[in-house]
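Have a look at the structure below, then the notes.
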Amino acid sequence: MSSRRVVTRGLVLVVCAFLAWPNHGYGRSHAQTGSQSPGGSHLYVLLGLGNNSPGLSEFGIRMAQRGIPTTIRNYGDWPALAQEAIQQYNSGRLRLIMIVGHSLGGSAAVDMAAELGRAGIPVQLVVTLDPVGGSQVPSNVRRSVNFLPRGGEDHFSVIAAHERDMSNYVLGEGRSRSARAVIRRSGVTP
């Protein structure tokens with residue numbers, strides 16, 4: 001078989017696998033609920049590479065069902081989401097911003113928060129789950145939490161292992177004892 005045919009077949013298999021992969025909707029919101037009320041809040045959930053963040057979309061959907069307007073997108077969409085949040089904030093329709101991200105989505109969550117900071121917009125909460133890269137949380141973030149895999153957890157199971165903790169942070173119902181790093185930007189150590 002010629003190398004050209006091998007490459008062509010390989011490319012066809014990759015395209016077919018991509019089309020068959022669940023949650024492959026790059027650039028499409030998997031969940032967006034609720035309209036922004038004056039002074040409202042919004043949760044942005046950023047998925048990792050190939051949207052392979054098992055359980056994170058479902059977490060976002062559950063938060064939306066609890067009444068928190070939520071957008072779930074791929075990590076690469078953070079620049080557009082940041083611009084949307086800036087417009088919403090500047091118009092007065094958005095006051096409380098929370099961002100949760102896994103893997104590359106974790107790094108993107110920090111990048112999105114930094115972009116909002118450059119626009120002078122505070123971010124209430126950034127939660128990262130085993131983020132790729134070593135991004136520093138910007139000073140406009142009031143509280144950040146970083147969950148890293150521990151005994152028995154891996155890069156993907158860290159989401160399920162800390163779902164209750166994430167829910168508590170997003171819903172403002174306390175804090176976790178199992179977070180690897182918690183930083184409160186108000187100057188008070190948790």
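The values are calculated or read from the model by the stated rules, or taken from the named source; none is laboratory data. Values in this document were obtained by computation on a predicted structure and should not be read as measured data. Reconstructed Cβ throughout: ideal geometry from the backbone, glycine too, with neighbour counts over all protein chains shown. With ligands, DNA and RNA removed, areas are computed over all heavy atoms of the protein, side chains included. Shrake-Rupley method; radii C 1.70, N 1.55, O 1.52, S 1.80 Å.
Quick notes
- Of the residues making up the range 159-173, those that are open to solvent by 40 Å² or more (accessible area, probe 1.4 Å) and either among the hydrophobic types (A, V, I, L, M, F, W, C) or closer than 21 Å to LEU81 by Cα (or both) number 3.
- Residue satisfying condition, being hydroxyl-bearing (Ser, Thr, Tyr), open to solvent by 40 Å² or more (accessible area, probe 1.4 Å) and at pLDDT below 95, within set SER186, SER176: SER186
- Residue that is open to solvent by 60 Å² or more (accessible area, probe 1.4 Å), of a type in the set (Lys, Arg), modelled with pLDDT of 95 or more and out of contact with any Asp or Glu (no Cβ under 9 Å at 6 or more places or on another chain), where the choices are ARG66, ARG73, ARG118, ARG93: ARG118
- Pairs where the first residue, in the range 93-107, is under 20 Å from SER41 (Cα atoms) and charged (D, E, K, R) and the second is open to solvent by less than 10 Å² (accessible area, probe 1.4 Å) and part of a helix (DSSP H, G or I), C-beta under 8 Å, 6+ apart: none
- Any hit, the range 41-57, residues being more than 21 Å from ASN146 (Cα to Cα), open to solvent by 30 Å² or more (accessible area, probe 1.4 Å), in contact (Cβ under 8 Å) with a residue 40 or more places away in the chain and out of contact with any helix residue (DSSP H, G or I) (no Cβ under 7 Å at 6 or more places or on another chain): yes
- Test result for PHE156, open to solvent by less than 30 Å² (accessible area, probe 1.4 Å) and out of contact with any Cys (no Cβ under 7 Å at 6 or more places or on another chain): no
- Taking the criterion of being in a strand (DSSP E or B) and under 21 Å from HIS155 (Cα atoms), the residues of the range 52-107 that qualify are ILE72, ARG73, ASN74, ILE99, VAL100, GLY101, HIS102.
- Residue ID - farthest from GLY48 (Cα to Cα), chosen from residues in the range 108-154 that are in a helix (DSSP H, G or I) and aliphatic (A, V, I, L, M): LEU116
- When the residues of the range 121-138 are filtered to those that are at pLDDT 95 or above and open to solvent by 50 Å² or more (accessible area, probe 1.4 Å), the one that is farthest from the chain's Cα centre (by Cα) is PRO122.
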